[in-house]
1. Please go through region 60-103 and give me each residue that is in a helix (DSSP H, G or I) and of a type in the set (Val, Ile, Thr), ordered by number.
2. Considering only residues that are farther than 19 Å from ASP20 by Cα and among the small types (Gly, Ala, Ser), look in region 37-77 and name the one that is surrounded by the most Cβ atoms within 10 Å (Cβ to Cβ).
3. Has region 2-21 got any residue that is within 20 Å of ALA108 (Cα to Cα), in contact with a strand residue (DSSP E or B) (Cβ under 6 Å, 6 or more places away or on another chain) and aliphatic (A, V, I, L, M)?
4. Just to be sure before I move on: is LEU22 at pLDDT 95 or above and either surrounded by 10 or more Cβ atoms within 10 Å (Cβ to Cβ) or under 24 Å from SER69 (Cβ atoms) (or both) in the structure I sent?
5. Among the residues in region 25-33, are any out of contact with any strand residue (DSSP E or B) (no Cβ under 7 Å at 6 or more places or on another chain) and more than 21 Å from ALA104 (Cα to Cα)?
6. Could you list, in sequence order, the residues of region 1-32 that are under 17 Å from VAL83 (Cβ atoms), touching a residue at least 24 places away in the same chain (Cβ under 8 Å) and not in a loop (DSSP other than H, G, I, E, B)?
7. When you check ALA114 against the structure, is it under 14 Å from the mean Cα position of the chain (by Cα) and at pLDDT below 85, yes or no?
8. Can you tell me which residues in region 38-59 are without any contact (Cβ under 8 Å) to a residue 12 or more places away in the chain and outside any loop (DSSP other than H, G, I, E, B)?
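The values are calculated or read from the model by the stated rules, or taken from the named source; none is laboratory data. In this text the structure is predicted, and so the values were computed from the model without any measurement. Note: ideal-geometry Cβ built from the backbone for every residue, glycine included; neighbour counts use all protein chains shown.
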Amino acid sequence: MPRYRFVRPETRTLPLSEDDWLVVRVRLTAGEKYRMFRAMYPVDDEGRAHVDSEQVIFAPLWTYLVDWSFTELPIRGAALDVVQAAVAALDEDEIEEVRTAMTAHRAAVAAERAAEKKTPTGATTSAPRSPSLVAVGGRTET
């Protein structure tokens, strides 16, 4: 079976305390990933990248986030700037819970991907249809 070369738009729901939840992308597209890194490590006029410590915290959140149960600031289908503002408006303790859930999600997906890469494409796990003659009754003479 050929490998699918595009990211499927899959989401997962991550539980939070007090019955709250996040809906996040399972994986990022290459474009989403590089936009996130560009926000986290902007390049100056001389072509040198530097760390934007604020975006190191926020960019993964607004990049992966699709929806949440926080009714005060709904984000499903909202423009990126609205999602960014909503994430930045979270209470300090709440953002830590969101970051912890998101970090665990990203680690779990990375582990799943690593396990997938170890499975050879086209490998079968079924046994042969019948055992060989050697296995059944030993060698045969001719």
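1. THR63, VAL82, VAL83, VAL87, ILE95, VAL98, THR100, THR103
2. ALA59
3. Checked against the condition, which is being within 20 Å of ALA108 (Cα to Cα), in contact with a strand residue (DSSP E or B) (Cβ under 6 Å, 6 or more places away or on another chain) and aliphatic (A, V, I, L, M), region 2-21 yields at least one hit.
4. So LEU22 fits the description; yes.
5. yes
6. If the condition is that a residue be under 17 Å from VAL83 (Cβ atoms), touching a residue at least 24 places away in the same chain (Cβ under 8 Å) and not in a loop (DSSP other than H, G, I, E, B), then THR11, LEU14, TRP21, LEU22, VAL23, VAL24, ARG25, GLU32 are the ones that fit.
7. Yes.
8. Answer for region 38-59, where residues must be without any contact (Cβ under 8 Å) to a residue 12 or more places away in the chain and outside any loop (DSSP other than H, G, I, E, B): ARG38, VAL43, ALA49, SER53, GLU54.
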